[in-house]
There are 2 protein chains.
Amino acid sequence: MAGINQRTEALLRRLVRREAAGGIRKLLARTRPEDLAAAMEMLTWAEQRRLIGLIDDMDYAATVLANVSDEFARQFFENAEEGLVVELLERMEPDDATDIVENLPDHLRDRVLNQLESEDADVRDLLEWPSDSAGGIMSPLAFKMRQTATCGEAIASLQRQHEELEAVHYVYCVDGEERLVGVTSLRSLLTHAPDTPLVALMTREVIQVGPRTDQEEVARFVARYDLLAVPVVDRNGRILGIITVDDVLDVIEDEAAEDMMLMAGMSEGPSQGAFQQSLRRAGWLMATLVGGILMAEIIGIYEATLATVAVLAGFIPVIMGMGGNVGIQSATVAVRGLATGHVQLGGGFRFVFQEAQVGILLGLLFATLLGTYGGVRFGIEIGAAVAMSVCLSIAAASAIGGAIPVLLSRMGADPAIATGPFVTTSVDILAVLIYFNVARAMLGL
Amino acid sequence: MAGINQRTEALLRRLVRREAAGGIRKLLARTRPEDLAAAMEMLTWAEQRRLIGLIDDMDYAATVLANVSDEFARQFFENAEEGLVVELLERMEPDDATDIVENLPDHLRDRVLNQLESEDADVRDLLEWPSDSAGGIMSPLAFKMRQTATCGEAIASLQRQHEELEAVHYVYCVDGEERLVGVTSLRSLLTHAPDTPLVALMTREVIQVGPRTDQEEVARFVARYDLLAVPVVDRNGRILGIITVDDVLDVIEDEAAEDMMLMAGMSEGPSQGAFQQSLRRAGWLMATLVGGILMAEIIGIYEATLATVAVLAGFIPVIMGMGGNVGIQSATVAVRGLATGHVQLGGGFRFVFQEAQVGILLGLLFATLLGTYGGVRFGIEIGAAVAMSVCLSIAAASAIGGAIPVLLSRMGADPAIATGPFVTTSVDILAVLIYFNVARAMLGL
């Protein structure tokens, strides 16, 4: 019911192509900036830039640019005039502005930082922390009150500050040395008498993170405790900023995308343009190539066997394919389980054991099917050899696919890399070795 | 800094194994229920049940059970006494209780629903909607006020209702016929004079969803507009409930998991036990098997070629593997792009075109590498045939991998199914066909 609909998107595209400035302005007047940002994704760079140029309201333009993809934002700001960059950044929330400044080319970043007004010292502070840590995604605008202040005073302070603080989720209570000692909700300010001191109603055990806490862990806390925001505190217990749940939503989406890309063997990085896209993917494919050449060498060892029973070559793909796919399935279950906490490192052994059981069941099932086909088509001996090979390959693939992510995770690596060409290639090699050795033994070659 | 740490988890496990009731109770006293729910994932069913049995505080137990995995919750409630089930459900938020009731076996569900007190008529209402729609994930507890009411009246009402309403994110303003006409924040109640009518400060354009809106779309709205909650309204504009951002976090995590599982060719369903796990995975593997048998038949056609130049068999895996992995990469980029809106159906052609370009670049790169290996190892003719084949396979795989998800999505299917055995198998068959035909033509066989 909300959102820009398909028809509006098509209209926008037509208007931009026709350079119908009047029509575009009329359309923009009834479009939310967030919707415009989403609709812009399907325009070309040139069209996007032309569209932004038609926006007169700088606050509207800033909101649009805070919501477009990182790639477009970088493209846009790199090519924009310095004055415009500064003006737009000043209209953004500090955490959004920081994301953009981070991606600017070095020379432009320094110049822009110097021009940002003193109130935007925030942006400079935020740049200190790694971009995937709590410090890198926090906003410096937390609503703090002394614990000795009363509810009435907190409400009065909120009324005074309402221009500065965009959204207030909680009231953070600090002691005389600015250390975080408690938290309470806006609602509790309303449900207590105005002269109640905050210390009397605050919750003392505040869920908090440090500035270097990984953003994925921050997301896990916010999700687990159903928080609207979590404070980031330094070693001395002072609040550096807050991370709000909308930022956590972005983190969860980004991390899911990253896991998916890693699983398909792609590294992160700029993705505009075919050449850069190719670079991102070439690394893992190189591993596949090396694995493949190794496999060619291994199959070469069995050249004599193949020359004798050429029909054996036909089963190489299905035995590799079954093993590879089972391995990917087990690895995916493991990666997802580790990410959500359903597979614990401590219980890793139990998980690998279950995957092995699954592998044996699947192995028996597909051994029967493939063996029947092989036996009917090429004789009972071929059928038996193929059945035995596929059963062993699947069982091994399942155990390996389940074990590698758990092992990687124990070693402190990201388990998602396990399901790409890494698991597939090692399972493939194993499957081919099993196949030829079983075939030679059973066929007496 | 928050959260149950590894050492506490290990301690908990030891205490449960030793059935040290006293120690467990002491540990529970300083553990948040959400942390306990997470820590429980690594215990066996029996241990989990024993642990729940040791919790005396029913509210604590209800919170733990609202936070454990769906599987454990189902296992637990299926085997629990009816009286206990009802008591625990009554202590949960209606949306959490609904999730659990939904998963109960039919006979138990009806008996439990009849015993839930009248105030939990809510649960019965929520069960009407599909579990992955807005109606299925909403909570019926929205804070509503007449638009003619004043800020002071709203605050007074909030103070009266504070037992019932767990978390209040927004004040929803309704007209005389209970239709949603505006929304405002708790904070604006504080920053306006108590006699200001809500109608004077409310925002009239309320982002809202219908009860049948897909949960994924709800999540997209909440993320796009940075909302803390979104109201669910019926055809007549009356509020049925609200969906809060913490529920949206769960939706995003579930949907990412679902996409990942689909991409690995696994269907959803109960996942406890090796037999059920095997069933979930067998469907897609069946497709791999059929594809593999087809491939065996195709390779069989070229048996004479293979018998003449047995070394050709050695390159089957690497040519299939390169094609398959490139296809998966393109499909993953497409699936992710479609999910986040970065690849638009309207711009689908442009995306497939770019994937084809990426494929050609990667094809040229790996043709050079594999051709050099083949040439040095087995002579220039083999090298040339292999190089040409890998180049064509990669280019085709990239275009196909990019196109299939876009096509599926246009047909209204979930594009994630494209990257499993489906893309791999079709790309594999194509790669083998390309390989043998190129080899025969170039080697003059």
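The values are calculated or read from the model by the stated rules, or taken from the named source; none is laboratory data. Please read these numbers as outputs of a predicted model, since none were measured by experiment. So basically every Cβ, Gly included, is an ideal-geometry build from the backbone, and we count neighbours across all protein chains shown.
Residues to consider are A:PRO211, A:PRO231; find the one that is within 20 Å of the chain's Cα centre (by Cα), more than 9 Å from chain B (Cβ to nearest Cβ) and at pLDDT 90 or above.
A:PRO211
Using the structure shown, decide if A:LEU362 is at the interface with chain B (Cβ under 8 Å from one of its Cβ atoms), modelled with pLDDT of 90 or more, touching a Lys or Arg at 6+ places or on another chain (Cβ under 7 Å) and crowded, with 19+ Cβ neighbours inside 10 Å.
Taking the combined requirement at face value, the residue satisfies it.
If you take the residues in segment B:168-206 that are charged (D, E, K, R) and at pLDDT 90 or above, which one is farthest from B:ARG238 (Cα to Cα)?
Step by step, filter segment B:168-206, then rank; the result is B:ASP195.
For segment B:64-87, check the following and say yes or no: at least one residue is closer than 22 Å to B:VAL233 by Cβ, in contact (Cβ under 8 Å) with a residue 24 or more places away in the chain, polar (S, T, N, Q) and not assigned by TED's automatic domain parsing to the domain that holds B:GLN208.
No, there is no match, as no residue in segment B:64-87 is closer than 22 Å to B:VAL233 by Cβ, in contact (Cβ under 8 Å) with a residue 24 or more places away in the chain, polar (S, T, N, Q) and not assigned by TED's automatic domain parsing to the domain that holds B:GLN208.
Spot the failing condition for A:VAL248; the list is (1) part of a strand (DSSP E or B); (2) facing another protein chain (nearest Cβ under 10 Å), and only one is missed.
The one condition A:VAL248 does not meet is (1).
Can you find a residue that is modelled with pLDDT of 75 or more, within 24 Å of B:VAL432 (Cα to Cα) and touching a Pro at 6+ places or on another chain (Cβ under 6 Å) anywhere in segment B:269-284?
Looking for residues that are modelled with pLDDT of 75 or more, within 24 Å of B:VAL432 (Cα to Cα) and touching a Pro at 6+ places or on another chain (Cβ under 6 Å), one finds at least one in segment B:269-284, hence yes.
Which members of segment B:178-194 meet the condition of being within 11 Å of chain A (Cβ to nearest Cβ), surrounded by 18 or more Cβ atoms within 10 Å (Cβ to Cβ) and of a type in the set (S, T, N, Q)?
Passing the criteria: B:SER185, B:SER188.
Out of the residues in segment A:195-247 meeting the condition of being more than 17 Å from A:VAL181 (Cα to Cα) and among the small types (Gly, Ala, Ser), tell me which one is surrounded by the fewest Cβ atoms within 10 Å (Cβ to Cβ).
The residue in question is A:ALA223.
Of the residues that make up segment A:33-44, is at least one surrounded by fewer than 17 Cβ atoms within 10 Å (Cβ to Cβ), farther than 15 Å from A:GLU93 by Cα, at pLDDT below 85 and touching a helix residue (DSSP H, G or I) at 6+ places or on another chain (Cβ under 7 Å)?
Within segment A:33-44, not a single residue is surrounded by fewer than 17 Cβ atoms within 10 Å (Cβ to Cβ), farther than 15 Å from A:GLU93 by Cα, at pLDDT below 85 and touching a helix residue (DSSP H, G or I) at 6+ places or on another chain (Cβ under 7 Å).
So in segment B:13-56, with the set limited to residues that are of a type in the set (Lys, Arg) and assigned to a loop (DSSP other than H, G, I, E, B), which one is farthest from B:VAL86 (Cα to Cα)?
B:ARG18
Quick one: count up the residues across segment A:381-394 that are crowded, with 24+ Cβ neighbours inside 10 Å, more than 11 Å from A:LEU430 (Cα to Cα) and touching a Gly at 6+ places or on another chain (Cβ under 6 Å).
Here the count works out to 3.
Kindly indicate the residue of segment A:127-174 that is exposed (fewer than 15 other Cβ atoms within 10 Å of the Cβ) and over 29 Å from A:ALA219 (Cβ atoms) and also nearest to the other protein chains (Cβ to nearest Cβ) among those meeting that condition.
So, considering only residues that are exposed (fewer than 15 other Cβ atoms within 10 Å of the Cβ) and over 29 Å from A:ALA219 (Cβ atoms), the one nearest to the other protein chains (Cβ to nearest Cβ) is A:GLN159.
Which of the residues spanning segment B:286-308 are facing chain A (nearest Cβ under 7 Å) and either hydroxyl-bearing (Ser, Thr, Tyr) or outside any helix (DSSP H, G or I) (or both)?
Of everything in segment B:286-308, just one residue is facing chain A (nearest Cβ under 7 Å) and either hydroxyl-bearing (Ser, Thr, Tyr) or outside any helix (DSSP H, G or I) (or both), namely B:THR288.
Look through segment B:68-92, keep the residues that are farther than 26 Å from B:ALA167 by Cβ and among the acidic types (Asp, Glu), and return whichever of them is surrounded by the most Cβ atoms within 10 Å (Cβ to Cβ).
Here the answer is B:GLU71.
Mind listing just one residue for me: the one in segment A:140-159 that is part of a loop (DSSP other than H, G, I, E, B) and in contact (Cβ under 8 Å) with a residue 40 or more places away in the chain and, of those, farthest from A:LEU190 (Cα to Cα)?
A:PRO140
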